[in-house]
Protein chains: 2
Amino acid sequence: MKPINIGICGLGTVGYGSFLVLKNNWQEISRRVGTEVVVSHIGTRRLRPGQDVGNVKISSDVFAVVNDPAVDIVLELMGGIDVAKPLVLQAIANGKHVVTANKSMIAVHGNEIFAAASAKNVMVAYEASVAGGIPIIKAIREGLAGNSIQWLAGIINGTGNFILTEMREKSRAFADVLKEAQALGYAEADPTFDVEGIDAAHKLTILAAIAFGIPLQFEKTYTEGISHITQEDIHYADELGYRIKHLGISRKTSNGIELRVHPTLIDENSLLANVNGVMNAVMVNGDAVGSTLYYGAGAGAAPTASAVVADIIDVARMISSPQSSVPALAFQDGSLSDIRITEMPEIKSAYYLRITALDKVGVLAHITQILGDCAINIEAIIQKEPRGADAASQRVPVIILTREILEATMNTAIAQIEKLDGVAEKVMRIRIFKLE
Amino acid sequence: MKPINIGICGLGTVGYGSFLVLKNNWQEISRRVGTEVVVSHIGTRRLRPGQDVGNVKISSDVFAVVNDPAVDIVLELMGGIDVAKPLVLQAIANGKHVVTANKSMIAVHGNEIFAAASAKNVMVAYEASVAGGIPIIKAIREGLAGNSIQWLAGIINGTGNFILTEMREKSRAFADVLKEAQALGYAEADPTFDVEGIDAAHKLTILAAIAFGIPLQFEKTYTEGISHITQEDIHYADELGYRIKHLGISRKTSNGIELRVHPTLIDENSLLANVNGVMNAVMVNGDAVGSTLYYGAGAGAAPTASAVVADIIDVARMISSPQSSVPALAFQDGSLSDIRITEMPEIKSAYYLRITALDKVGVLAHITQILGDCAINIEAIIQKEPRGADAASQRVPVIILTREILEATMNTAIAQIEKLDGVAEKVMRIRIFKLE
């Protein structure tokens, strides 16, 4: 089957990030789609320093990409509306599928764009427009499709969440943190879109539409920013068991659908309250499923590219095999990998060890000697006074956290420790896993 | 277009739960699919007390359902393997699509079942087999399809997580909590599958296959349970800044793919460490997206039915409009709802109010009088000594948390409070949102 050709309009951070993901994961992507996916045309005024797109055709006019008969899928990654909207409409008119990360365009002009796409029977995919790499559009639109959605509430602006997190954790003032966010590149020179909630309102508009089956109605979204939140408010909220988060909330009641973005107090024990820094998360409550939460990076070149490329794969699968579903095991038949499964002695892990030592002089020295001989580094050690029944029998728990080591080596060390005269029981060993 | 007919095999909690979700959300589901989805045949030995399926045809032989020419999609919700596997293979042989929640069947016999389905060009969907209502199969298989997955780690057995949570929060012993879990119906009379990690290993096998593009290899999964975890271990882990969770972990290294289920120490600040009780969550790390997390109910009739019905909608969309994609706004063209957007004064919310009072006798009495007159109930109140600059000017912050009230009423109360002589500034008002 002939390859599926991608045309990229806009080669900024997200555009080039998407190019790189397509290039780096080319093999896995082809195994998923069953056809090669190739970038064939890029529209950009110039390559930035460090950008290398090999021998892909480049046009300085982005409209040359959407008018290129060889292009199957157009990526609109320029942002803004003035050029992006006519470009997308032209791509649709030319019968091309579109993938976009443009939240303001979708929130404000989506109804018109989707109607045009529907009339031409092409797809306009926009997973990257909300919450970066989190597949939240797919989760709501397909994963929770059996539910009548009751409400959703999300941290959908990373800049705002970064500011509130810093204000709370470091007792800093709003203006001070905003300056840092701008220096770090999280916030624009004009931070209005982020801190006044406009960006979050764009995203909430989109989420509410697909959750409740209503048209996009950005102009009806209530929007309140975080610039008036003080250190004091964060402090008092803490004292009362709450955190202040800038949430987009949409809820169905007998009065209609609520669409609101504002600073909000939420229970400090909820997962959403513990989403910090620039991370995003959306909680969605459905009548059948109850509350679910989706968490991840809400911005950045690679996370946004993750969503763009997922959309490309959806569209490419539809083009290459419209009558068949997503492959049952994610990759096309015959393209499963025969990569081996690692045996447990081959894994590397850090360990928690609880050793029950008889309270004899020198036992601890013997234990550390054995670990040292096996080149196992100790991260932390706790030796407790014996308690309860242990006290009478003079049994002392020794807790050791180790650094990463081959499990086979740990097995050897444990076997030797268990042979020591001063060790009373089998060693309790629990593996440690670092999540980041 | 003619309706799509569903045949349900097995009318236990999940089977009847799925029947109810299809019935209750019939209208929204039809708007999503563009065609009616109807339960036309149920295979069950008998209806249980309280079950009412209207005039749907019932057969005591489940094979009558898969051999019914009118049935388009078979739901296999019996569990077990002995009957379920031949039933599913028969459904496939008859050219029917299958939706199943059967994790052990998929983990152990999935390769054979998917090969048969592929040969007959039918779908076998199994979202409900892992983590109940969380759309984790869809997230990995489609939402993160652009990534080369690096690792995943999940709390994918609710019973085990309930036991570990209770042991930690209430300092109870394993055996004691297990008995309670059995009494609550979370754990089976024979708890081996849950507490020894076999159930989690079934699910991990499935997640690893779709994440890494490898065949299902349940027999190669390392499985270690939680029955040997003591109160002491949980206590020492806490002291060191960790929580013990029963995780399924799969990771790609230069040595191959790791497949392991065991108790694990993870950083107490991670979101996964704060997933408690019977809830499930899976963290997935991709090369582009970084770490993402998916959280929700991992079991129960309605959450599992949520996943079953999402699969039905996927299959039904494929049957009814194979050449077109999921509708851009989730619901089919022309079926968007014109339900109104609520105006802000109409919403109901609880509120945090910070009122800057001049330190005059009687101000607080006036404030509570106004709230009382507006029928606004007070949940909590803090009056602080003035600090810093406030001390000199005798300004006292008064913090009030209210119960739920109409925003219009709150607006009236705030306007009145701001007019009081003893109130120095505009009232700071932040809305509270209850996430559960």
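Coordinate-derived values only; no laboratory data. All values derive from a computational prediction rather than experimental measurement. Neighbour counts are summed over all protein chains in view; Cβ atoms, including those assigned to glycine, are modelled from backbone coordinates with ideal geometry.
Considering only B:Val130, B:Ala145, B:Leu184, and ranking their Cα positions along the charge dipole of the range B:61-184 that arises from unit charges at the beta-carbon of Lys, Arg, Asp and Glu, the one farthest toward the positive end is B:Ala145.
Taking the three principal axes of the alpha carbon atoms in the protein assembly as shown, the coordinate ranges are 78, 70, 68 Å, sorted in descending order.
About its Cα centre, the dipole of the range B:344-432 is roughly 180 debye, where the only charges are +1 on Lys and Arg Cβ and -1 on Asp and Glu Cβ.
Under the criterion of Cα pairs below 8 Å and six or more residues apart, the relative contact order for chain B equals 16 percent. Put simply, the amide H of B:Gln150, placed in the peptide plane, has neighbours under 5 Å in B:Asn285, B:Gly286, B:Asp287, leaving out anything fewer than 5 places away on its chain. When the helices of the protein assembly as shown are scored as -39500 (n - 2.57) per DSSP H run of n ≥ 4 and the total is divided over every residue, the value at 222 nm lands at -10500 deg cm²/dmol. For the peptides A:50-60, B:12-22, A:298-308, A:112-122, the ranking by mean Cβ contacts within 10 Å, running from highest to lowest, is A:298-308, B:12-22, A:112-122, A:50-60. For the range A:301-371, a Kirkwood hydrodynamic radius built from all Cα pairs, placed in the Stokes-Einstein relation at 10 °C and 1.306 mPa s, yields a translational diffusion coefficient of 87 µm²/s. Over chain A, the Kirkwood radius and the radius of gyration, each from Cα atoms, give a ratio Rg/Rh of 1.08.
Inter-chain Cβ neighbour count for A:337-346, averaged per residue, equals 6 (cutoff 10 Å, partner chain atoms only). Overall, chain B carries a charge dipole of about 680 debye about its Cα centre when +1 sits on the Cβ of Lys and Arg and -1 on the Cβ of Asp and Glu, all other atoms neutral. Of the residues A:Val62, A:Gln394, A:Tyr242, the one whose Cα sits farthest towards the positive end of the charge dipole of chain A is A:Val62 (charges of +1 on Lys and Arg Cβ, -1 on Asp and Glu Cβ, taken about the Cα centre). With the largest listed first and rounded to whole Å, the semi-axes of the equivalent ellipsoid of the range A:136-297 from the Cα gyration tensor are 27, 17, 14.
As a proxy for reagent exposure, B:Cys9, B:Cys374 were ordered by neighbouring Cβ count within 10 angstrom, fewest first; the result is B:Cys374, B:Cys9. Placing a label point 7 Å from Cα along the Cα-to-Cβ axis, A:Val83 is separated from the same position in the other copies by 6.4 nm, shortest listed first.
Residues A:Trp26, B:Trp151 in ascending order of nearby Cβ atoms (within 10 Å, fewest first): A:Trp26, B:Trp151.
Using bins 10 angstrom wide from zero, how does P(r) for the range B:192-276 break down, in % of all Cα pairs? With a bin width of 10 Å, the distribution comes to 18, 42, 32, 8, 0. For peptide A:265-276, the mean count of partner chain Cβ atoms within 10 Å of a residue's Cβ comes to 4. Look at B:Lys96, A:Lys179 and count the other Cβ atoms within 10 Å of each Cβ; fewest to most, that gives A:Lys179, B:Lys96. At q = 0.29, 0.31 Å⁻¹, what is the log10 ratio I(q)/I(0) for the range B:80-135, with the Debye formula run over Cα points and no solvent? Log10 I(q)/I(0), no solvent term: -1.23, -1.33. Projecting the Cα positions of B:Tyr352, A:Gly286, B:Ala115 onto the charge dipole of the protein assembly as shown (unit charges on Cβ atoms of Lys, Arg, Asp and Glu, taken about the Cα centre) puts B:Ala115 furthest along the positive direction. The mean of 1/r over all pairs of different alpha-carbon atoms in the range B:344-432, once inverted, gives a Kirkwood hydrodynamic radius of 13.1 Å.
Determine which residues of the range A:245-270 fall in the zone a paramagnetic label at B:Glu268 would reach in this model, i.e. backbone nitrogen under 16 Å from the point 7 Å along Cα→Cβ. Once the point is set 7 Å along Cα→Cβ of B:Glu268, A:269 turn out to lie under 16 Å by backbone N, inside the range A:245-270.
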